[in-house]
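Working notes, structure below.
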Amino acid sequence: MRSAHPILLVLAVVVSGVAQALISAPASWIWLHPFSWIPAFWAFDQLRGGRAFRYGWLCGAAGQAAIFYWLVDTITVFSNLPWVVAIIILFAYSALFGFYVGIFAWGFSIVRRMSGAWWPVGLAAWFCACEYLNPQLFPYFQGVAWYQQPWIFLITAITGVAGVSFLVMLANGVLFGFLQARFGQAHGEVEESSDGAATAPSLAPVRPAIAFAVALVLSLVYCQVRLRAIDAAEAEAPSITLASIQSNQDVFKRRAMMRQSKTAIADDQVELLKETLEERPDIDAFVLPEGALQGRPDWPRNHRIRRFVKETGKELWTGGSSNKKGPDGRRLWFNSAFRIHGDAESDKRYDKNVLLPFGEYMPGASILPFLKKIQGVGNYQPGDGIIVYDAVQSARFTFLICYEAIISRYVRRAVKEGANLLVNVSYDAWYGDTACPHQFLMLVVLQSAQNGVPTARSATTGISAFADARGRFLSKSPLFERTALVQEVKLVRMPSLYTQLGDWLAWVCILGVFGAWVRRGRELTPDGWRARWPLVLIAFAVLVNAVFVFGGIGPIG
């Protein structure tokens with residue numbers, strides 16, 4: 001088999017990889033998505049074994065680098081590492097989290113032959129399996145780019161994001177098949193008929209196209225049913241008027257204010273609270289971002305904030321921090337959140353459970369002590385569980401501090417425990433004016449669509465936002481603007497099949513593909529190590545994924 005020139009192959013896989021950044025927020029060119037993978041499919045179809053893996057890895061790494069380019073600026077602002085090291089880290093990150101596309105490319109021709117006439121379905125399942133098993137430090141999946149299209153995205157209430165990813169990859173496979181049928185034969189080997197005779201591979205994927213059309217229609221019908229159910233629930237649901245406070249205290253301004261006065265940060269926020277309340281006296285509660293309080297509410301530097309609550313009678317839901325002595329006498333620090341209400345009293349403190357690796361703790365620092373010297377990496381401890389607060393206007397909310405709000409399995413537990421509102425408090429100033437705040441918000445709003453509850457988000461420098469139970473924006477703020485976002489939110493709670501069962505579709509794809517592999521894999525791959533090393537890499541990915549998911553998380557059930 002003779003493949004195309006290497007330059008054309010490189011161009012094809014890089015185009016497909018980089019296109020993912022355009023499909024993602026903030027550009028959100030989702031119209032590219034149903035055919036963005038066709039160039040890579042064209043390349044993968046001509047390659048086998050290690051060559052396929054290498055080109056696929058290049059595709060995945062290019063996509064990761066294009067999506068997460070903001071890591072360079074973030075690292076240089078957040079730490080004492082030079083920009084050269086930051087670029088090296090970006091390359092390493094892209095290589096690690098993009099290698100699953102290499103696994104996908106390695107298995108492309110094998111899965112295509114295993115699946116027979118249904119090969120676009122097989123490839124879609126194979127992609128979803130590889131994507132889900134990939135380590136998930138920042139859990140970006142293909143389908144999440146459709147987050148503001150509830151007419152199709154609400155299928156996530158059944159399947160999770162894997163359902164949209166599956167449809168997208170199936171569309172790419174079907175279109176690729178028809179293009180091959182129109183312009184020439186595939187580069188794959190011949191198939192065998194039922195009597196063992198060699199036959200030319202069937203290119204025009206008619207049956208998969210029909211299956212895609214049926215799946216799409218059923219998805220559209222379900223989404224319309226769910227939209228109408230949410231409409232009906234909102235008509236009878238209580239509402240709450242919330243104000244999301246965005247003080248726009250970036251990294252450098254916050255440091256300068258701390259040098260100016262111990263109370264400067266709190267004083268600045270109180271002024272914005274008062275201005276907002278004068279304009280909208282009907283506000284029921286204010287939401288302040290992660291770290292808005294310096295310490296606990298009862299610390300002297302936060303006195304004016306507590307006095308504001310006592311004088312106005314308005315609730316305040318805010319981020320802060322806390323500490324205590326551990327069993328060995330060392331001081332343990334927690335990233336915390338507080339509900340302050342009534343006579344400026346606080347409910348039980350919530351401590352962040354899902355800590356951000358490399359931000360709030362350094363994996364491996366106990367083994368390699370020099371890692372502790374990297375400036376900007378904290379040494380926080382995880383909390384001991386979710387808290388659902390009974391608040392004003394029948395609100396039952398749970399705090400999701402920064403990174404927690406994008407971990408779907410954690411959010412599901414909060415909804416199962418009765419939350420009818422997700423409150424995400426975050427400090428995103430580290431990421432600058434890049435795509436990251438938009439991507440972060442995309443993954444936060446996803447949780448509303450999957451679980452059928454609204455979200456209120458307060459971020460110090462933005463993007464602050466409110467989303468309804470459809471995952472649709474009610475309002476959002478600009479980046480790096482001092483403002484307050486006021487919104488009436490319907491307290492709808494419509495837990496979904498996804499809330500109960502989680503990522504069942506992703507596991508069906510995993511088990512289905514590997515079941516077929518066990519049944520037919522020996523016929524289609526040579527014996528020995530060369531046939532099995534990608535499967536070893538997949539096992540390694542599962543192990544690394546488990547470390548990222550469960551390391552430093554605390555109890556999530």
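Scanning segment 508-524 turns up no residue that is open to solvent by 20 Å² or more (accessible area, probe 1.4 Å), at pLDDT 90 or above and part of a loop (DSSP other than H, G, I, E, B). So how many residues does segment 416-441 have that are open to solvent by 20 Å² or more (accessible area, probe 1.4 Å) and within 15 Å of the chain's Cα centre (by Cα)? The qualifying residues number 1.
Note on segment 1-26: residues that are at pLDDT 95 or above and basic (Lys, Arg) amount to 0. Of the helices (runs of 4 or more DSSP H) contained entirely in segment 219-338, those carrying at least 2 residues that are modelled with pLDDT under 90 and under 30 Å from Pro382 (Cβ atoms) fall at 251-260, 264-279. Scanning segment 252-266 for residues that are surrounded by fewer than 16 Cβ atoms within 10 Å (Cβ to Cβ) and either within 34 Å of the chain's Cα centre (by Cα) or not hydroxyl-bearing (Ser, Thr, Tyr) (or both) yields Phe252, Arg255, Ala256, Met258, Arg259, Gln260, Lys262.
If I filter segment 410-435 down to residues being part of a helix (DSSP H, G or I) and at pLDDT 90 or above, which single residue comes out as farthest from Phe141 (Cα to Cα)?
That would be Lys416.
Looking across segment 212-236, just one residue is within 16 Å of Val121 (Cβ to Cβ) and of a type in the set (S, T, N, Q), and that is Ser219.
Considering segment 231-244, the residues that are of a type outside the set (Gly, Ala, Ser), under 24 Å from Ile401 (Cα atoms) and out of contact with any helix residue (DSSP H, G or I) (no Cβ under 6 Å at 6 or more places or on another chain) include one that is most open to solvent (accessible area, probe 1.4 Å), namely Thr241.
Annotation: of all residues in segment 373-387 being modelled with pLDDT under 85 and open to solvent by less than 90 Å² (accessible area, probe 1.4 Å), the one that is farthest from the chain's Cα centre (by Cα) is Ile374.
Scanning segment 1-26 for residues that are surrounded by fewer than 23 Cβ atoms within 10 Å (Cβ to Cβ) and β-branched (Val, Ile, Thr) turns up Ile7, Val10, Val14, Val15, Val18, Ile23. Pairs are defined by a Cβ separation below 7 Å, a sequence spacing of at least 6 or placement on different chains, a first member in segment 150-166 that is assigned to a helix (DSSP H, G or I), and a second member that is crowded, with 24+ Cβ neighbours inside 10 Å and of a type in the set (Asp, Glu); the pairs so defined are Ser165/Glu131.
In the list Trp29, Trp37, which residue meets the criterion of being at pLDDT 95 or above, open to solvent by 10 Å² or more (accessible area, probe 1.4 Å), under 25 Å from the mean Cα position of the chain (by Cα) and not aliphatic (A, V, I, L, M)? Write out each step before concluding.
Values: Trp37 fails: open to solvent by 10 Å² or more (accessible area, probe 1.4 Å).
Result of the check over Trp29, Trp37: Trp29.
Among the residues making up segment 101-132, a single one is open to solvent by 20 Å² or more (accessible area, probe 1.4 Å) and under 27 Å from Val444 (Cα atoms): Tyr132. Just one of the numbered conditions (1) in a helix (DSSP H, G or I); (2) over 19 Å from Leu167 (Cβ atoms); (3) open to solvent by less than 30 Å² (accessible area, probe 1.4 Å) is not true of Val84: (3).
Which of the residues belonging to segment 273-305 are among the polar types (S, T, N, Q) and either open to solvent by 30 Å² or more (accessible area, probe 1.4 Å) or touching a residue at least 60 places away in the same chain (Cβ under 8 Å) (or both)?
Thr276
To keep it simple, each residue is scored yes or no on (1) more than 26 Å from the chain's Cα centre (by Cα); (2) more than 30 Å from Lys310 (Cβ to Cβ); (3) modelled with pLDDT under 80.
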{"site": "His341", "(1), (2), (3)": "yes, no, no"}
{"site": "Lys348", "(1), (2), (3)": "yes, no, no"}
{"site": "Asp351", "(1), (2), (3)": "no, no, no"}
{"site": "Pro357", "(1), (2), (3)": "no, yes, yes"}
{"site": "Glu360", "(1), (2), (3)": "no, yes, yes"}
{"site": "Gly364", "(1), (2), (3)": "no, yes, yes"}
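The values are calculated or read from the model by the stated rules, or taken from the named source; none is laboratory data. The model shown is predicted, which means the values in this text are computed figures rather than measured ones. Neighbour counts run over all protein chains shown; Cβ positions are idealised from the backbone, glycine included. Protein only, heavy atoms only, side chains kept; ligands, DNA and RNA dropped before computing areas. Shrake-Rupley method; radii C 1.70, N 1.55, O 1.52, S 1.80 Å.
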